[in-house]
Amino acid sequence: MKEHPNRIFDKGLYDDVLKKAKKRSNRRTVIISLTITFIAFLSLATLLFFAYQNMKNSMEDYSEFRLTESKIQGANINHDKITISYGIESAITQEQYIKNIAGLPFTWYNEQTLYKIYDNPTTIMDSSITSTDGIQHYRNGQRVINFRYPTAGVANDDRELLKNLPANAKVEVALSFKKAMKVEELADYFPNAQWGWVADPKMEERVEEELTSVTSTEERKRIGYMIGDYAYGFKLDKDVNKSSTHFIKALKKLEKQNHQTATSILSKTTTPEDLEISGVVVTGSASELSSLNHMDLIQFVSVGVIIPY
């Protein structure tokens, strides 16, 4: 039997068709794989981009909040500088805070904040506050100043310590008043004060409540302290009205973010003229500051940083 010359099942022709189909199939597979890879890469890149942008926005918001808060929290503590290090999925800010001790800059602590594209900011201080007796605290081996609420009454303080320090030592001292005074009064009594403490009204109410619940004199003396690093107030520039105005503005800014202390202080006053100062920070030589010990309006004296000179 003769084979038909146009037979479609010719082996050579069939192999050619099969090869062409296989090539088309492989090409289609490669194209689909590349397309899927490209889409996956583009999706991942887009996701990382928006996550990174979200982290940057979080950094800006949190940094603005912390900077605003640091301007009014921490007695005689000033923000000095900030450095930022970026990674693929994170960033770290390192901030330095200093104290002004009679014109000498003194590094008080460093603060690191870790930001991640998938998590909330985490702030870490490289030196925490420690305490030996629940009242006197230390940071980096230096004394942390305390304030005492006017309603808490008299307690043992650091007047003797101040008097016995070397005359030329540079010292930081926190003075708490028997009664809060208006901002404009400060210049008459403390023209060289560096920082003014504004007591939290709600905390003061809590102190009064605690005092009514104890009968022991010793227990009463242990109530009513405010650790200087957590106190709220403002730097006393030459233009005190300007300083107090900035303080009120910062409080109002923090209040919008449900800041409890800001809300508490603003519940009592919303204008610079009505601000009441419950204590101040002064610095100088030990011999200069010892003369303040005898001022009748001072209820409590707390010695902080001491720099031998």
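The values are calculated or read from the model by the stated rules, or taken from the named source; none is laboratory data. Note that the coordinates shown come from a computational prediction; the quantities given were computed from them, not determined experimentally. Reconstructed Cβ throughout: ideal geometry from the backbone, glycine too, with neighbour counts over all protein chains shown. In case anyone asks, the SASA skips ligands and DNA or RNA and just uses the protein heavy atoms, side chains included. Shrake-Rupley method; radii C 1.70, N 1.55, O 1.52, S 1.80 Å.
Of Lys235/Lys256; Lys116/Lys249; Lys71/Lys170; Lys170/Lys256; Lys56/Lys242; Lys81/Lys221, which pairs sit farther than 28 Å apart, going by alpha carbon to alpha carbon?
Numbers: Lys235/Lys256 23 Å; Lys116/Lys249 31 Å; Lys71/Lys170 24 Å; Lys170/Lys256 40 Å; Lys56/Lys242 32 Å; Lys81/Lys221 39 Å.
Correct reply: Lys116/Lys249; Lys170/Lys256; Lys56/Lys242; Lys81/Lys221.
Out of segment 55-158, which GluC sites (Glu not before Pro) are coil in DSSP terms and have no more than 14 other C-beta atoms within 10 Å? Write out the running numbers ahead of the final one.
On the way: sites: Glu60, Glu64, Glu69, Glu89, Glu95, Glu111; in loops: Glu89.
Within segment 55-158, the qualifying GluC sites (Glu not before Pro) (loop, at most 14 other Cβ atoms within 10 Å) are Glu89.
Restricting things to alpha carbons, find the Rg to Rh ratio for the chain using the Kirkwood radius for Rh. Don't skip to the end; give the middle numbers.
Numbers: Rg = 33.2 Å, Rh = 23.6 Å.
Checking Rg against Rh, the ratio lands at 1.41.
Relative contact order for the chain: what is it in percent, counting Cα pairs under 8 Å that are at least 6 residues apart? Spell out each step's value before the answer.
On the way: 507 pairs, mean separation 74.2, N = 309.
It rounds to 24 percent for the chain.
List the residues, sorted by chain then number, that are 5 or more residues from Asp80 or on another chain and whose placed amide H is less than 5 Å from its amide H.
Amide H neighbours of Asp80: Gln96, Tyr97, Ile98.
What ³J(HN,Hα) values, in whole Hz, does the Karplus curve 6.51 cos²θ - 1.76 cosθ + 1.60 give for segment 50-67 when θ = phi - 60°, with x put for Gly and Pro?
5, 5, 5, 5, 5, 5, 5, 5, 5, 4, 5, 5, 5, 5, 5, 4, 5, 5
Between 0 and 90 degrees, rounded to the nearest ten: what's the tilt of helix 240-255 against the longest Cα principal axis of the chain?
The angle comes out at about 40 degrees.
What does the charge add up to near Ile101, with Lys and Arg as +1, Asp and Glu as -1, over the other residues with Cβ less than 10 Å from its Cβ?
Values: positive: Lys99, Lys170; negative: Glu172.
Around Ile101, the charge tally is +1.
With all protein chains present, calculate the accessible area of Ile129 using a 1.4 Å probe and round the result to the nearest 10 Å².
About 40 Å², ignoring ligands and nucleic acids.
Quick one: compute a quarter of the convex hull surface over the Cα atoms of segment 150-309 and quote it in nm².
Details: hull surface 39.4 nm².
The number I arrive at for segment 150-309 is 9.8 nm².
Under 1.5 on a/c is rounded, so check that first for segment 127-179, then, if it is not, pick prolate when a/b is larger than b/c and oblate when it is not; a ≥ b ≥ c are the square roots of the alpha carbon gyration tensor eigenvalues.
oblate
Net charge within 14 Å of Asn140 by Cβ-Cβ distance, Lys/Arg positive one each and Asp/Glu negative one each, not counting Asn140 itself?
Once positives and negatives cancel, what remains is -1.
On the principal axes of its Cα set, how long, how wide and how thick is segment 14-158? Give whole Å, largest value first.
107, 31, 27
Strictly greater than 19 Å: what percent of every Cα pair in segment 90-183 meets that? Spell out each step's value before the answer.
Values: 2647 of 4371 pairs.
Result for the distance tail: 61 percent.
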